[in-house]
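Written out below as structure tokens is the structure these notes cover.
The values are calculated or read from the model by the stated rules, or taken from the named source; none is laboratory data. Being a predicted model, the structure only gives us computed values, none of them experimental. No Cβ is skipped: glycine too gets one built from the backbone with ideal geometry, and neighbour counts run over all protein chains shown.
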Amino acid sequence: MIQISALPAFTDNYIWLLQDPHTRCCAAVDPGDAAPVLDWLRQNPEWTLSDILVTHHHHDHVGGVAQLKDVTGARVYGPASENIPARDVALHDNDRISVLGWDFDVYSVPGHTLGHIAFYHQGVLLCGDTLFAAGCGRLFEGTPQQMYASLQRLADLPDDTQVYCTHEYTQSNLKFAQAVEPHNADIAERVENVRQLRARGEMTLPSNLALEKRTNPFLRTSETSVKQKADERDGRDNRAGAEVFASLRAWKDTF
């Protein structure tokens, strides 16, 4: 069974490390900094970095890729339509790859960037900066319609799917979620759980899709309470889910 652990990087990034205890091979996901991965490998010399998975081209996700490949010879997978350093395998929507004996489906999830991809293996979603715990990524390149469609695609995965995003944004995201739905008891409960985790210095990830569907406003655009709040903000009737999403995202950008 693959084990997944987090290597903190920068101020709030996580580099996910997938580990196969049988082969002692591991894979790094979105290594924006090589140092945490190299430190781990030095402390665990019986392990080999065999693969690197990249979701999108932003520097805090690719900054360590070239150095790690130089040092370890790891095979680099990344989106075909983005400039990914040292990429060996260019990935397109609906591709399937095998890493550490796990088959991953590749999903195109544009919005945060135009070429952003996610990796899905039964029960495990590596989603970069598309879906966050209680939030979603900013729209640096894509449109609200694209991001809405991407999030809907991810939300269609099984409820027990573990969500491995790459930033510790949960606490601030929940403040916004409470502004959108102040009477949502699930959000209130999650706020308290996350407060306790952070007070102990513990991470809030991974999340899961069932929890996201109860507490993440960007997955709740069809809820009457969420639509009403967006309509109040805009002073108009946002009829489509993508319109509600666009309203929420614009609000979050200045929250």
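Screening the stretch 3-51 for strands (runs of 3 or more DSSP E) wholly inside it with 1 or more residues that are surrounded by 21 or more Cβ atoms within 10 Å (Cβ to Cβ), of a type in the set (V, I, T) and touching a Pro at 6+ places or on another chain (Cβ under 7 Å) returns the ranges 13-20.
If you check W16, W47, W40, W102 for being in contact with a Phe, Trp or Tyr (Cβ under 6 Å, 6 or more places away or on another chain) and assigned by the TED database to the domain that holds L126, only one passes: W16. Given the structure, is A74 crowded, with 16+ Cβ neighbours inside 10 Å, closer than 17 Å to K213 by Cβ, touching a residue at least 40 places away in the same chain (Cβ under 8 Å) and not assigned by the TED database to the domain that holds R190? No: the conditions fail for A74. For the stretch 135-146, state whether one or more residues are in contact with a strand residue (DSSP E or B) (Cβ under 9 Å, 6 or more places away or on another chain) and among the polar types (S, T, N, Q). No - not one qualifying residue is present in the stretch 135-146. Answer yes or no as to whether L209 is in contact with a strand residue (DSSP E or B) (Cβ under 7 Å, 6 or more places away or on another chain), within 20 Å of L151 (Cβ to Cβ) and in the same structural domain as Q228 (by the TED database). Criteria met by L209. Considering A188, A199, the condition of being exposed (fewer than 11 other Cβ atoms within 10 Å of the Cβ), aliphatic (A, V, I, L, M) and not assigned by the TED database to the domain that holds R138 is satisfied by A199 alone. When L211, L174 are checked against the criterion of being within 18 Å of the chain's Cα centre (by Cα), at pLDDT 95 or above and farther than 21 Å from V124 by Cβ, a single residue qualifies: L174. Those strands (runs of 3 or more DSSP E) of the stretch 63-106 in which 2 or more residues are more than 21 Å from E141 (Cα to Cα) occupy 75-79, 96-99.
Just to be sure, is I117 more than 15 Å from the chain's Cα centre (by Cα) and aliphatic (A, V, I, L, M)?
No; evaluated as a whole, the condition is false for this residue.
Of everything listed in (1) among the polar types (S, T, N, Q); (2) in the same structural domain as H56 (by the TED database); (3) over 22 Å from H116 (Cβ atoms), the single unmet condition for Q146 is (3).
Taking first residues from the stretch 222-236 that are in the same structural domain as A185 (by the TED database) and partners that are surrounded by fewer than 14 Cβ atoms within 10 Å (Cβ to Cβ) and not in a helix (DSSP H, G or I), the Cβ contacts under 8 Å between residues at least 6 apart in sequence or on separate chains come to S225/H183; D231/D237.
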